[in-house]
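The values are calculated or read from the model by the stated rules, or taken from the named source; none is laboratory data. Nothing here was measured: the structure is a model prediction, and the numbers come from that model. In this analysis, Cβ positions are derived from the backbone assuming ideal geometry, glycine residues included, and neighbour counts consider all displayed protein chains.
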Amino acid sequence: MNTKSKKVLALLMVLILGTTLLSGCIRAKEEYIENEKDEQSSEVETTDSPYPMEVEDDFGNKVTIDKKPERIISLAPSHTEILFKLGLSDSIVGVTSICDYPKEAKTKEIVGDSMTVDVEKVIALEPDLVLHYGSDKEKEYIQRLRDAEINVLSYQPESIQEVIDLIIEIGRITQTQVAATKTTVDMMSKMDYIVHTVEEVDKPKVFYEVWHDPLMTAGPGSFIDELITLAGGENIAKDAQGLYPQFELEQLIERNPDVYISSDNGGQTTKESIMSREGYETLSAVKNDRVYILDANIISRPGPRIVDGLEMIAKAIHPELFKK
């Protein structure tokens with residue numbers, strides 16, 4: 001992320017996290033209102049343009065954006081959610097088949113899926129910006145797009161902090177700073193509330209199932225590991241090797257989680273299927289009916305809804321603290 005976005009983020013963190021929850025929320029709203037006034041005033045008083053704009057992505061790729069992007073293609077659901085959140089629906093000309101939120105995303109032109117991209121289709125849509133998720137090394141279609149002189153930026157946020165950074169950066173690139181500021185302020189305010197709510201309570205042992213056969217979990221440094229910690233839980237796989245390692249049944253039984261969380265894995269996993277597995281009857285989470293199936297698109301997609309995922313996990317770990 002560039003220095004400017006980090007400075008903005010630092011100011012926001014001071015604003016939100018450096019005060020009590022109440023005063024933080026009040027100041028956040030005041031900053032948003034002030035920023036909106038400044039932005040509107042700037043639009044009226046000056047015609048200065050930030051373009052051409054030099055941008056460097058998460059993998060060191062540098063591009064020059066000559067004008068405000070008006071035809072954007074997103075190759076990742078999380079990027080698509082960010083674009084819609086920033087009010088850029090009319091600028092989105094292409095998405096992938098797995099971009100399913102918000103509903104309007106499904107009305108956009110499909111240019112690929114989770115594995116492949118129709119390069120000819122992308123080129124025909126004449127985008128002035130393509131947003132890609134993850135490393136572009138050994139991805140032939142990315143090089144073909146760059147050979148066609150299309151601006152491609154690749155991002156891979158791996159924490160809530162980095163998601164917030166990315167939203168600010170995309171807001172800068174697309175000149176939607178007001179919406180980006182409001183979105184990130186709201187996200188940090190919600191995160192602060194959740195963290196404050198659980199900070200003085202005991203931390204139950206939590207297991208997150210990534211896949212069931214073989215059994216895989218979320219290890220240290222993963223998004224889920226961060227969410228469990230922020231939500232007031234202790235990830236029993238916090239010392240595992242790798243982001244998403246295999247986890248032996250013997251380890252699971254020995255560490256005996258109080259809370260067991262999984263996604264539905266495309267309908268293949270249910271609460272009942274987990275609780276009825278051989279050997280699981282000894283787990284505290286099963287004995288006490290603390291098995292939860294959560295929406296993977298919310299709890300693991302690095303976009304604006306990641307704090308909603310944090311809330312879902314916090315409610316699963318500490319339901320008594322989040323009763324309405």
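Structure notes:
- Residues that are under 26 Å from Tyr51 (Cβ atoms), hydrophobic (A, V, I, L, M, F, W, C) and surrounded by fewer than 17 Cβ atoms within 10 Å (Cβ to Cβ) within segment 107-124 comprise Ile123, Ala124, listed in sequence order.
- Residue ID - surrounded by the fewest Cβ atoms within 10 Å (Cβ to Cβ), chosen from residues in segment 206-229 that are aliphatic (A, V, I, L, M) and under 14 Å from Ser300 (Cβ atoms): Met216
- Residue pairs meeting the criteria (Cβ under 9 Å; at least 6 apart or on separate chains; first outside the structural domain of Ile123 (by TED's automatic domain parsing) and surrounded by fewer than 22 Cβ atoms within 10 Å (Cβ to Cβ), in segment 149-171; second assigned to a helix (DSSP H, G or I) and of a type in the set (S, T, N, Q)): none
- Yes/no for Asp58 being in the same structural domain as Arg172 (by TED's automatic domain parsing), buried (at least 16 other Cβ atoms within 10 Å of the Cβ) and charged (D, E, K, R): yes
- Checking segment 252-267 against the condition returns a match, with at least one residue being out of contact with any strand residue (DSSP E or B) (no Cβ under 9 Å at 6 or more places or on another chain) and modelled with pLDDT under 95.
- Residue list for segment 185-222, restricted to those being touching a residue at least 40 places away in the same chain (Cβ under 8 Å), in contact with a Leu (Cβ under 9 Å, 6 or more places away or on another chain) and either part of a helix (DSSP H, G or I) or among the basic types (Lys, Arg) (or both): Val185, Met188, Ser189, Lys190, Met191, Asp192, Tyr193, Ile194, His196, Thr197, Val198
- In segment 50-72, the residues that are within 20 Å of the chain's Cα centre (by Cα) and farther than 21 Å from Glu162 by Cα: Ile72
- Inside segment 252-284, residues that are exposed (fewer than 11 other Cβ atoms within 10 Å of the Cβ), of a type in the set (S, T, N, Q) and free of Cβ contacts under 8 Å to residues at least 24 places away in the same chain make up a count of 0.
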